[in-house]
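In what follows, a structure is listed as structure tokens, so that the remarks can point back to it.
Every number here is computed from the coordinates shown, using simple stated rules; none is lab data. Everything numeric here is computed off the predicted structure, so don't read it as measured data. FYI the Cβ positions are ideal-geometry reconstructions off the backbone, even for glycines, and counts take in every protein chain you see.
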Amino acid sequence: MLSQKDNETLCRVGPEAPMGDLLRRFWIPFLHANELPGPDSNPIRVSLLNERLVAFRNTDGKVGLISNLCAHRNADLFFGRNEENGLRCTYHGWKYDIEGRCLDMPSEDDDSVFKDKIRIASYPVEEAAGILWTYMGPPELQPPALPKFEWMRVPEGYRHVSWNVQDNNYAQAIEGGIDSAHVNYLHSTVDSHRPQDPDAPKRAPARGGEAGALGALIGRDKHPKLFVKNTDYGLLIGARRHTGEDKDYWRLNNFLMPFWTTPPGRSMHAFVPLDDFHVARWSITWQVDAPYSAAEKASMRNGQGIHSELQKDTVSPTLPYMPPGHVPTHNRWNDYQINRDMQREETFTGIKDFGAQDYSIQEGMGIISDRSTEHLGVTDRGIIAMRRMLIDSARDLLEGIEPPSAHNPESYWVHGGQTLLPIDADWESAEEVEKAVIGAV
Ligand code: FES
Ligand SMILES: [Fe+2]
């Protein structure tokens, strides 16, 4: 459980809140680069950390991220004309460049210098790995580089990136991302909870080769023991399961400051707060040895694995200030299309989409979960450590202590993993653990 004061610190992300300040020390993904497909393409609404912004690509192809409110009388610049390296307000024609400077003020006299005094908020934008990133903190503290994720170093065809909006605070989404214990339940099948008949014919081996066979060991132990190790980027969380044989199965998740999580294997989430009540769930999967086939790409677009099937033209009914195309097909307004027959016979949830299984829980907790009513158990150690790390880092920042991970992009070269270790092995120093989570390219 968390006191209400700590919960406030954890969950509030506006510019005036300690956590909002902390999050603004890091680079943040906010759009696919192709959501602004070319020079002078349509401006896009962006909600980020409780701020409303407009993104546009200028005539030179550079991207601006500026306040949505015109400095004259607060017209919404989303409706602006994107023309000749600037966005022109349609109310009285004031025009802004990608740095928020007022370039033209046709409503004032020709000899007026008023425009030179006008500047609206703007944030720097980087384009990398098909994603637009921004940094919203003090300019003098801008990290020297984007985090060096393995997936950013592979060729474009080797990765798949999607994002969907969720109706809940970002912190409870991160909790889902590092909660190793829920896999035995939320994402499981009915069969895995049936008592095993020792005389039954052996089932076909698990799909997915060696990794699939290892992952199948999750079912051997439904009350994993959780361990947490502090790292340069955040936390490495180890879930140990006994297998009934001479080795333990270890599932390794990461929490990377301030909102990244990794399930085992080459996949990752970022849970980016759009405001206190909405989070963008970024999902990234990648391979290092070959590009994805067209069929693999298509199935990810249809919601395979950690990706969600998305509704093409819809915006969230509760967050209209965002681009269309990021509301999942299985969503809270249709009960995630839960199929109760399937729940009886096949899967634990009856919800088809893997991601929707997660956000059915995260949204159902309440928009901001009241953590003072929780009863945390032995499997919640990673979650407790993650909350502590975020809250303590936000409070440290109030004392002038900067988060070191923001300036250590090299340390982000990790992913989730899984491995076998001898029973009672020292997991923190085991070579197998390091090998399982360190990037290859
Ligand atoms: S409100 Fe934008 S120019 Fe007047
Ligand atoms: Fe999950």
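Data table
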| item | result |
| --- | --- |
| Only one of ILE361, ILE401, ILE368 that is within 27 Å of PRO273 (Cβ to Cβ), of a type in the set (Val, Ile, Thr), away from ligand 1 (no atom under 16 Å from the Cβ) and in contact with a Phe, Trp or Tyr (Cβ under 9 Å, 6 or more places away or on another chain) | ILE368 |
| Tally, over segment 321-373, of residues that are among the β-branched types (Val, Ile, Thr), under 30 Å from ASP76 (Cβ atoms) and without any contact (Cβ under 8 Å) to a residue 60 or more places away in the chain | 1 |
| All positions within segment 260-282 that are farther than 19 Å from ILE438 by Cα and not basic (Lys, Arg) | PHE271, VAL272, PRO273, LEU274, ASP275, ASP276, PHE277, HIS278, VAL279, ALA280, TRP282 |
| Given (1) of a type in the set (A, V, I, L, M, F, W, C); (2) within 19 Å of ALA173 (Cβ to Cβ); (3) touching a helix residue (DSSP H, G or I) at 6+ places or on another chain (Cβ under 6 Å), number of the condition VAL414 does not satisfy | (2) |
| Search result, residues across segment 405-423 that are under 15 Å from TRP151 (Cβ atoms) and in a strand (DSSP E or B) | VAL414, GLY416, GLY417 |
| Output for segment 30-69, where each listed residue is touching a Gly at 6+ places or on another chain (Cβ under 8 Å) and either within 16 Å of ligand 2 (Cβ to nearest atom) or in a loop (DSSP other than H, G, I, E, B) (or both) | GLY38, PRO39, PRO43, LEU49, ASN50, ASN58, GLY61 |
| Whichever residue in segment 88-104 is in a loop (DSSP other than H, G, I, E, B) and surrounded by 21 or more Cβ atoms within 10 Å (Cβ to Cβ) and, among such residues, is nearest to ligand 2 (Cβ to nearest atom) | ILE98 |
| Selection count, segment 235-269, where residues are within 15 Å of the chain's Cα centre (by Cα) and either under 17 Å from GLY176 (Cα atoms) or without any contact (Cβ under 8 Å) to a residue 40 or more places away in the chain (or both) | 14 |
| Residues that are of a type in the set (A, V, I, L, M) and either closer than 15 Å to LYS115 by Cβ or within 8 Å of ligand 1 (Cβ to nearest atom) (or both), drawn from segment 68-94 | ALA71, ALA75, LEU77, LEU87 |
